[in-house]
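J.: I'd like to ask you about the structure that follows.
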Amino acid sequence: MLKNILSPDFVNAILRASTPILFATLASGIAAKAGITNMALEGMLLFASLFGVIFSSLTHSFLGGLLITMAIGGLIGFVLAFFVLQLKTDEILAAIAINLIATGGTVLLLLAVSGDRGASTSISSVSAPVIALPFIEGIPFIGAVLSGQNLMTWLALIAVVVCNVFLYKTPMGLKIRAVGENKNAAESVGISSKRIQYIALVLSGVLCSMGGYFLSGGYMNMFTKDMSAGKGFIALAASSMGADTPIGGFLVTMLFGIAQALGNLMQLTTIPTELIQMIPYLTTLIGLAVYSYTVMKRRNRLGAH
Amino acid sequence: MAKETVLEMQHIMKIYSNGVVANEDVSLELKKGEIHALLGENGAGKSTLMKVLFGIESPDQGKILLNGKETTIRSPQDAIAKGIGMVHQHFMLLPSLTVAENIILGVEPRKSKLFIDMKQAIRSAKEIADKYNFDIDVTAKVEEIPVGIKQKVEILKALYRGADILILDEPTAVLTPQETEELFVQLEKLRDNGHTVIFISHKLDEIKRICDRATIMRNGKSMGTYSVNEISTNDMSKLMVGREVVLSFEKQAPTLQGVMLEVKHLNAYNTQGVQKIRDLSFEVQGGEILGIAGVEGNGQTELVDAITGLSRKYSGEILLKGTDIRRESIKAIREQKLAHIPEDRMASGCAAHLNIQENMFANQYTDARYSGKFMLRSRAIQSRCDELIREYLVKCKSQKQEVGMLSGGNIQKVIVAREFSTGPDVIIANQPTRGIDVGATEFIRRKLLEFRDAGCAVILVSADLNEIFSLSDRLAVMYKGNFSGIFTDVAHVTEEELGQYMLGLKNDFANGGVSHE
C-alpha cells in the first residue's frame, strides 16, 4: 500500500482525479467573486461530458469537440445568468433546475443519439491527447509524473494561473470583485453589475465545461449516466474553502484529489467498495467542518485582542 | 461678486409612479466656485432633485442647462462624464480594496491594454490627493481607515473622474466635530479652486458656517434661494418647516425616582467576537435622561444590544429594576416595560413591507385587548392605531399603508409610537432622530422629555451633539468601550471639550479603576 502511495502512478492518479474538480472549482470561484453562487456546476459538468463525446465524434477532432463544448458551457452559464439576473429567479432554484434538466436531459439525448440509456459505448469519440515530454520523460519519478499527463490536466493547471491573473491584475477582474463585494458601490462608479455578472457566469460555464469534457474524454473515454457524480458540489465546497480564490481553490482541490486517489487505491483492498466510495464526499464534509472551525477560531482570536 | 452660472435646473417636475409629487416646479441655479446648500426636511424633495441631477431619475418636466446649454442626463455614468460627482450618505466604497483601487475603479489605467497599471493608479491617486491637500495613504485598505478618511476617498473618487460639481449628501452626519471642521476647510479649498459644491444638510449652523447660498425646499417646492449671510437661521428654519422650530427645550430640573437600570462591570463583544465594551459600570435613575455621546463604533451598539437583550455576548451584570436580565427573553425584558428605539430603523426598527397597523402592534399582538385566543381583534387594533397615528402625527394615507412608503421621519414616528404606547419605564433611544426632518425631530425629543418628566429612565445614544446637549441631564462620552468622561453639568460643556473626550484626547477614567489597554 505504502509503496503504491509513493509511486509516480499515485501522483498521476491525484492529478487525474483533480482535473475535473479543479476546472469546476475555478468556475465556482469566478462566479462567487461576482457575487453569485453557481450551484449549477454539477449539471454543467454532466452536459459538457455528453456534448464532449457527441461533438468530438461529429467533428472527428478533439479540439473541435472541446471548443463546441466550451461554447455550450458558456451558453448554459448565460441561461443561468438570464434566469437569475433578467427574470430574477432565485439563483439556487435556477441552478437546481439546470441540474435536474442535466440528469434527465443527458440520458434522453444519449438515447436519441446512440440508442443507449447508460453509456455512449457506441459513439466513437475523440479523447484529449496525452502529452509526452521527450527529454523530461527520462528523469526518474519526475519524468513519470510530468510526462504522459492528459492535455486537459495541463490546461487546468494553466487555468489556475490565468484565473489568478485575470481576477487580480485586469480591469475586468477588479470589476468582478467590486460587483461581488458591493453592487451599489460598483454601480455608483458606472460599472454595470448585470453585465459583469453575465460575463462572470458565462466564463464560469466555459471553465466548468472543460472539466466536463475531461470526464468523458480523458478520465474515461465515454459518457456514462450521471458521471459527474457530485463533483460539481465538491467543487463548490472546495472553492468556498479556498476563499473563492484560484490558488486557494487549487490547493483544496488537490486535497480532494488525494482523497479520491486514495479511495481508488483502497478498492484493491478487502474494504467494501461502498465504504470506499464515500471517501470523496466524506472528505468534503470533514473539510467543510474543519474550514468553518478555523474561521470560528480566527474570529475568536481576533476577539481576544 | 458676479460669478458665472455653471448649472441650472429649471422648473423641474417629478411625479413618482405611486402618485407622490416629489418635485413641483423646482429651480436651482449653481454658480462656479460656490458652496450651495440644499436645505429641507426629509421628504421635501431634495433627494429627488439630486437624483434627477445625477441621472438616477428622469424629470417629467423641466430642463437642465449645463454651462448655458440644454442637456439631458441619462444615467449616473452620464452625469460623471458631464463633470457631476456625488458623495452618497452611505459610502459607496469597497472595503477589501485599497484606497487607490477604489479611486480608479471603473476608469483603470492600463498597461499593454490587458492589465491594470497599479503603479500608475497609485501615482494618480497620490497626485490627486496631493493636489487637493488630502492627507491619505492611498495604499491602505479601505476597511482599515476611519470614517472621516473614507469620506475623503469618496470626494477624491469624484474629483478623479473630473467632477466640477460635487453633490455631498449630508456629509457631516457621520463625522466628529474635528473631522467636520477638517472637511469644511477642504470644501473651502475646493470652492477656491473653482469647484461647485452642493451641500445637502439639516444642520443650520453648518450651513451658516460653510455655505455661500442656500436653496430651501419644502413639500416638493422650492422656497427660494438666499444668500446665507443675509438670512438668519431662524428664518431658514421657518422657510423649511413653515413655522418656528424650537430646538432648545425648556426643561424642568429632573426629579429622580430611584435606580431603574444598573450596569455592572460589563464586558461585551460584537458578533465577530471583538471586545467592544470594557468593564463599564453605571446606573440610570427614573426621571433622568442619560445622554451617551461618542464616535460611532466605540461600543454604543453593543451596549444597547446588551441592555435590550438582543445580544448575550457579554459578561457582567445588567439589572433592570433590580433583576438580572441575562437569562430573560427579549419578550420578558420588554414586559418589564423597557422600550427600544433602534439605531437602524429600516433594518431592525420596522418591517418595511408590512403596513403601519401591523408595525404598530408588533410588540403587543399578544395583549388580550388586541388579540383573542386565535384571532386578532381587528376593531380594537384599528381604533387604537388611529389614536396613535393622531397622537404621534404620522403623515400617511391610511393605517394600511406600507411603512416603507413613508418618509424617514414618519417611519420613525411609527416606531416611536409603537415603543411608547406601552407606557415604558425605561427607554433606550439609539439615534432616535438620525436623518429625519426637523418637525419629527422636535416631536420625538419632546416625547422623550415628556416620558422623563413622568419618571421614565432614558438612555439617549446620539451622534447629534445638539440633541445630546439639549436633552441630557447627565452626559457620558463613550470611547473605546468605556466612558471617557461623565458630566453632570451639561450646560457648561463645550462642543470642543466633548470632541476631545470623544477622540480620547481627554479621559477622566484612564488612570482610575478602569482597565484600558
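J.: Report the full-extension gain for the segment A:Ser7 to A:Gln267: residue separation times 0.36 nm, less the Cα-Cα distance, to one decimal in nm.
T.: Extra length available between A:Ser7 and A:Gln267 comes to 91.9 nm.
J.: Can you tell me the dipole magnitude for the stretch B:5-241 around its Cα centre, using point charges on the Cβ only (Lys, Arg +1; Asp, Glu -1), in Debye to the nearest 20?
T.: Numbers: 30 positive and 33 negative charges, 133 e Å.
In debye, rounded to 20, the stretch B:5-241 gives about 640.
J.: Restricting to DSSP H runs of at least four residues, report the calculated mean residue ellipticity at 222 nm for chain B, -39500 (n - 2.57) per run over all residues, nearest 500 deg cm²/dmol.
T.: Calculated mean residue ellipticity at 222 nm is -9000 deg cm²/dmol.
J.: Further, regarding this structure: Anyone know which of A:Ala243, A:Ala95, A:Ala200 comes out most mobile in the 10 Å Cα GNM of chain A?
T.: Evaluated over chain A, the most mobile residue of the options is A:Ala243.
J.: Towards the positive end of the charge dipole of the protein assembly as shown, with charges on Cβ (+1 Lys, Arg; -1 Asp, Glu), say which of A:Gly74, B:Pro109, B:Ile389 has the farthest Cα.
T.: Checked the options; the winner is A:Gly74.
J.: Sticking with this one: Tell me, how many Å apart are the Cα centres for the stretch B:22-97 and for the stretch A:214-273?
T.: Rounded to whole Å, the Cα centres lie 54 Å apart.
J.: Using the per-residue mean of other Cβ atoms lying within 10 Å as a proxy for protection, in what order, highest first, do the peptides B:410-416, B:286-292 fall?
T.: Peptide ranking by packing, descending: B:410-416, B:286-292.
J.: Taking a ≥ b ≥ c as the square roots of the Cα gyration tensor eigenvalues, with a/c under 1.5 meaning rounded and otherwise prolate when a/b beats b/c, else oblate, which class fits the protein assembly as shown?
T.: prolate
J.: Taking the stretch B:73-145, which trypsin sites (Lys or Arg not before Pro) meet the DSSP loop condition and have no more than 15 other C-beta atoms within 10 Å? Each step should come with its number before you reach the end.
T.: On the way: sites: B:Arg74, B:Lys82, B:Arg110, B:Lys111, B:Lys113, B:Lys119, B:Arg123, B:Lys126, B:Lys131, B:Lys141; in loops: B:Arg74, B:Lys82, B:Lys113.
Hits after loop and neighbour filter: B:Arg74, B:Lys113.
J.: Can you spot the aspartates and glutamates whose alpha carbon is less than 16 Å from B:Lys32's alpha carbon? Ignore those fewer than 8 places along the same chain.
T.: B:Glu4, B:Glu8, B:Asp164, B:Glu188, B:Asp192, B:Asp212
J.: Right, another one. Rounded to whole Hz and in sequence order, give me ³J(HN,Hα) for the stretch A:260-266 from the Karplus expression 6.51 cos²θ - 1.76 cosθ + 1.60, θ = phi - 60°, writing x for Gly and Pro.
T.: 5, 5, 4, x, 4, 5, 5
J.: In the neighborhood of B:Glu8, defined by Cβ-to-Cβ distances under 12 Å, what is the net charge if each Lys or Arg adds +1 and each Asp or Glu adds -1? Could the numbers behind the result be given before it?
T.: On the way: positive: B:Lys31, B:Lys63, B:Lys69; negative: B:Glu4, B:Glu29, B:Glu70.
With Lys, Arg at +1 and Asp, Glu at -1, the net is 0.
J.: I want to make sure I understand the PRE zone here: with the label point 7 angstrom from the Cα of A:Thr89 toward its beta carbon, which residues in the stretch A:159-197 have backbone N atoms less than 19 Å away?
T.: A:194-195, A:197
J.: Okay, moving on. Can you tell me the FRET efficiency between A:Trp154 and B:Ser58 if r is taken as the Cβ-Cβ distance and R0 is 56 Å, rounded to the nearest 0.05?
T.: 0.60
J.: Right, here's the next one. Roughly how tilted is helix B:438-453, in degrees to the nearest 10 and between 0 and 90, from the longest Cα axis of chain B?
T.: 20 degrees
J.: Now for a separate question. For the residue pair B:Glu4 and B:Arg312, what label-to-label distance in nm results when each label sits 7 Å from Cα along the Cα-to-beta-carbon direction?
T.: A separation of 6.8 nm, rounded to one decimal place.
J.: Here is a further query. Determine, for each peptide in A:55-63, B:424-432, B:273-281, the mean count of other beta carbons within 10 angstrom over its residues, then list the peptides with the highest first.
T.: Result, highest mean first: B:424-432, B:273-281, A:55-63.
J.: Please list A:219-225, B:100-106, B:57-63 highest first by mean number of surrounding beta-carbon atoms within 10 Å per residue.
T.: Result, highest mean first: B:100-106, A:219-225, B:57-63.
J.: Rounded to the nearest Å, what's the spacing between the alpha carbon centres of the stretch B:382-412 and the stretch B:188-235? Just the number, please.
T.: Here the two parts' Cα centres lie 31 Å apart.
J.: Could you calculate the FRET efficiency of B:His492 with B:Ser398 from 1/(1 + (r/R0)^6), where r is the beta carbon distance between them and R0 is 51 Å, rounded to 0.05?
T.: For R0 = 51 Å, the calculated efficiency reads 0.60.
J.: Relative contact order for chain A: what percent, with Cα pairs under 8 Å and sequence separation of 6 or more?
T.: 34 percent.
J.: With 18 Å as the limit, write out which pairs from A:Lys183/B:Lys111; B:Lys51/B:Lys208; B:Lys51/B:Lys397; B:Lys126/B:Lys152; B:Lys14/B:Lys51; A:Lys175/B:Lys152 have Cα-Cα distances beyond it, or answer none.
T.: Pairs exceeding 18 Å: A:Lys183/B:Lys111; B:Lys51/B:Lys208; B:Lys51/B:Lys397; A:Lys175/B:Lys152.
J.: From other protein chains only, count the Cβ atoms within 10 Å of every residue's Cβ in B:81-91, then give the mean.
T.: 1
J.: Averaging sequence separations of C-alpha pairs under 8 Å and six or more residues apart, then dividing by the length of chain B, give the relative contact order as a whole percent.
T.: After rounding, I find 15 percent.
J.: Over the stretch B:5-241, what is the mean sequence separation of C-alpha contacts under 8 Å (at least six apart), divided by residue count, expressed as relative contact order in percent? Mind dumping the intermediate values first?
T.: On the way: 460 pairs, mean separation 68.0, N = 237.
Answer for the stretch B:5-241 is 29 percent.
J.: Follow-up question, since we're still on this one. Can you compute the helix-only [θ] at 222 nm over chain A? Use -39500 (n - 2.57) per DSSP H run of at least 4 residues, normalise by all residues, nearest 500 deg cm²/dmol.
T.: So the calculated ellipticity at 222 nm is -23500 deg cm²/dmol.
J.: Quick check for you: which residues of the stretch B:287-309 have the amide N under 19 Å from the point 7 Å beyond the Cα of B:Thr323 toward its beta carbon?
T.: B:306-309
J.: Taking +1 at the Cβ of each Lys and Arg and -1 at the Cβ of each Asp and Glu, which of A:Ala159, A:Gly148, A:Pro246 sits farthest along the dipole of the stretch A:2-304 towards its positive end, judged by Cα position relative to the Cα centre?
T.: Of A:Ala159, A:Gly148, A:Pro246, it is A:Pro246.
J.: Can I ask one more? If the only charges are +1 at each Lys and Arg Cβ and -1 at each Asp and Glu Cβ, what is the size of the charge dipole of the stretch A:2-304 around the Cα centre, to the nearest 20 debye? Please report the intermediate quantities before stating the final value.
T.: Working: 17 positive and 11 negative charges, 164 e Å.
Here the size comes out at about 780 debye.
J.: Across peptide A:180-193, how many C-beta atoms of other chains are within 10 Å of each residue C-beta, on average? Can you show the working numbers first?
T.: Working: counts 2, 5, 7, 0, 4, 13, 4, 5, 15, 15, 11, 3, 2, 0.
Rounded to a whole number, the mean comes out at 6.
J.: Give the long-range amide H neighbours of B:Val87: residues separated by 5 or more places, or on another chain, with amide H under 5 Å away, using H modelled in the peptide plane at 1.01 Å from N.
T.: Result for B:Val87 returns B:Ile167, B:Leu168, B:Asp169.
J.: Another question, then. Starting from the Cα-Cα distance between B:Thr233 and B:Ala351, subtract it from 0.36 nm times their residue separation and give me the gain in nm to one decimal.
T.: The span from B:Thr233 to B:Ala351 would gain 38.8 nm if fully extended.
J.: Right, another one. Mind checking A:169-175 for the average number of partner chain beta-carbons within 10 Å of each residue's beta-carbon?
T.: 6
J.: Calculate the length of the line joining the C-alpha centroid of the stretch B:338-369 to that of the stretch B:114-169, in whole Å.
T.: Using only Cα atoms to place each centre, the spacing works out to 41 Å.
J.: For B:Lys264, give me every one of the lysines with a C-alpha distance below 19 angstrom, ignoring sequence neighbours fewer than eight places off in its own chain.
T.: Hits, sequence-local ones excluded: B:Lys276, B:Lys313, B:Lys321, B:Lys480.
J.: Each residue of the stretch B:406-413 in turn: what ³J(HN,Hα) in whole Hz from Karplus with 6.51, -1.76, 1.60 and θ = phi - 60°, glycine and Pro shown as x?
T.: Listing the rounded values in order: 7, 6, x, x, 6, 4, 4, 5 Hz.
J.: Calculate the dipole size of the protein assembly as shown relative to its Cα centre from +1 charges on Lys and Arg beta carbons and -1 charges on Asp and Glu beta carbons; express the result in debye to the nearest 20.
T.: It comes to approximately 1840 debye.
J.: Next question. Across the stretch A:21-33, in residue order, what do the Karplus-derived ³J(HN,Hα) couplings come to in whole Hz, using 6.51 cos²θ - 1.76 cosθ + 1.60 with θ = phi - 60° and x for Gly and Pro?
T.: Computed from phi, the couplings for the stretch A:21-33 are 5, 4, 4, 5, 5, 5, 4, 5, x, 5, 5, 5, 5 Hz.
A short reminder: the numbers here are calculations on the coordinates, not readings from a lab. This structure is a prediction, so every number in the text was calculated from the model and none was measured. In this analysis, Cβ positions are derived from the backbone assuming ideal geometry, glycine residues included, and neighbour counts consider all displayed protein chains.
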